[in-house]
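Some notes on the structure that comes next.
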Amino acid sequence: MSQTPPLQLPIGVEQIAAVLPHRYPFLLIDRVVELDPGQRVVALKNVTFNEPFFQGHFPGHPVMPGVLLIEAMAQAAGMLVKLSEPSAHDKRSIFYLVKVDKARFNRTVVPGDQLRLEIEHKRRMRNMSQFAGRTVVDGKVVAEAEMLCAEVDAE
């Protein structure tokens, strides 16, 4: 019986794309830098002026939309689940964001910021998982939320 080799951190965008179904412009994490399987994950997103949403949000005053901060946290949560299950890489499933609670946005995110997405797994109920997430820039929490995600078969 072959064993899955241990993960080598950091996990880059090519490996992330092999795990998540998201693609440009909606793949919102660049690197996974910490992983405690089944418990927590830390991922990074480098925010650049070239992001397509900055054209309209807002011209002359670029601000990353809060909904995309939530989406980035949800993608990091999906990485936590997928990287925590040894056979999950072969499993064809998609995680849908089902519910967001206690979302708070403490300051704007602008080009040049690096998002540190810190996600903690709270509990699993059948095909759903609950997470607590926060996004940190320069040591300050810029956004936080509780999320419920459902795993569904992709086929």
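A short reminder: the numbers here are calculations on the coordinates, not readings from a lab. Note that the structure is a prediction, hence the values are computed from the model and not measured. Backbone-built Cβ (ideal geometry, glycine too); neighbour counts: all protein chains shown.
Observations
- Summing Lys and Arg as +1 and Asp and Glu as -1 over all other residues whose Cβ lies under 15 Å from the Cβ of HIS57 gives a net charge of -3.
- Gain upon complete extension [ARG124, SER93; 0.36 nm per residue less C-alpha separation]: 9.6 nm
- Gain upon complete extension [HIS22, VAL136; 0.36 nm per residue less C-alpha separation]: 38.8 nm
- Expected 222 nm ellipticity per residue - DSSP helices of 4 or more, -39500 (n - 2.57), all of the chain, to 500: -5500 deg cm²/dmol
- Taking label points 7 Å from Cα along the Cα-to-Cβ direction, GLU146 and SER84 give a separation of 1.6 nm.
- Only the Cβ atoms of Lys and Arg (+1) and of Asp and Glu (-1) were treated as charged; on that basis the dipole of region 13-153 about its Cα centre amounts to roughly 320 debye.
- Taking Lys and Arg as +1 and Asp and Glu as -1, the other residues whose beta-carbon sits under 13 Å from that of GLY112 total -2.
- Axis angle, to the nearest 10 degrees, between helix 66-84 and the longest C-alpha principal axis of the chain: 20 degrees.
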